[in-house]
Amino acid sequence: MTRIGVLALQGDFREHLQALIRLGAAALPVRTPQDLEHLDGLVIPGGESSVIDRLSRNYGLAEPIRTLISSGLPVYGSCAGMIMLADQIENPAISATGQAQRSFGGIDMTVRRNAFGRQVDSFESVLEFAGHSFEAVFIRAPEAVQVGPAVQVLSTVPGQNRAVHDRIVAVRQENLLATSFHPEVTGSNAIHEFFIHMTQGDA
Ligand code: GLN
């Protein structure tokens, strides 16, 4: 059985665990470095990326996760998780001690946090993803504002006017998958299914 860990420090990890179980995977909450052993894949959920950053360092998880990312483990980041997989954060949160939030990195992209504006902190949009069309929910969502040549753009949403390019909301770079939106809250299985195929080496 495919064993997929879900980083369970903060955010909506329960919904990801449920989505993976619905699809027949063994879904395991990750809170300690030992929980990272023998996984076929890892999900980093939505939540607040600066908190996930701080807690993952406090719990000794940040370095092991970076090592797994560079060793080729399939990792999927949704929303805050997408921010955690970005090599650069355009507008990092700054702590009281003046430290900018950090990411795990791995995807050659720059993300802008909360990119879709204050009035529309949450919205839904019908997207294309790997041949499926589905309703995506965005909650204070990031956008990939720059992607490197190794990054495959999987989904975009239209810009607000003709002057604005399509906005990148789903990407893949080799073993890493990231979406601005939250597939786990709509009951749509397309993204988790795609990710499970990635962990099995057939996507
Ligand atoms: N705005 C959040 C952040 O910067 C992400 C929001 C989400 O995961 N729904 O981490």
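Just so you know, all these numbers are worked out from the coordinates, no wet-lab data involved. Because the structure is a prediction, the values reported are computed rather than measured. Every residue, glycine as well, gets a Cβ built from its backbone with ideal geometry; the counts of neighbours run over all protein chains shown.
With a ≥ b ≥ c taken as the square roots of the eigenvalues of the C-alpha gyration tensor of the range 1-114, please select rounded if a/c is under 1.5 and otherwise prolate if a/b is larger than b/c or oblate if it is not? Cα axes put the range 1-114 in the prolate bin.
For I65, I191, what ranking results if the residue with the fewest other Cβ atoms within 10 Å of its Cβ goes first? Intermediate results must be reported in sequence, preceding the final value.
Details: I65 23, I191 26.
By the 10 Å Cβ count, ascending, the order reads I65, I191.
Net charge of the neighbourhood of L28, taken over other residues with C-beta under 12 Å away and scored Lys/Arg +1, Asp/Glu -1, is -1. Length gained on full extension, Q88 to R66: 6.5 nm, using 0.36 nm per residue less the C-alpha separation.
As a test of understanding, state the convex hull volume per residue of the range 72-203 from its alpha carbons, in Å³.
Here the figure is 119 Å³ per residue.
Residues of the range 40-57 with the amide nitrogen closer than 20 Å to a label point 7 Å from the Cα of V185, along Cα-to-Cβ, please. Counting backbone N atoms under 20 Å from the label point, the list is 43-53.
Helices that extend 27 Å or more along their long axis by alpha-carbon positions and average at least 0.5 on the Kyte-Doolittle scale are absent among the DSSP H runs of the chain. Distance between the pseudo-spin-label points of T156 and M1 (7 Å out from Cα toward the beta carbon): 4.1 nm.
Between S125 and Y59, full extension at 0.36 nm per residue minus the direct alpha carbon distance yields a gain of 20.2 nm.
Evaluate E = 1/(1 + (r/R0)^6) for Q99 and R14, where r is the Cβ-Cβ distance and R0 equals 35 Å; express this FRET efficiency to the nearest 0.05.
0.75
Relative to the Cα centre, what is the charge dipole magnitude of the chain, using +1 at the beta carbon of each Lys and Arg, -1 at the beta carbon of each Asp and Glu, and rounding to the nearest 20 debye?
So the magnitude is around 420 debye.
The string of couplings for the range 75-81 from the Karplus curve (6.51, -1.76, 1.60, θ = phi - 60°) is 10, 10, x, 10, 6, 4, x Hz, one whole number per residue in order, with x for Gly and Pro.
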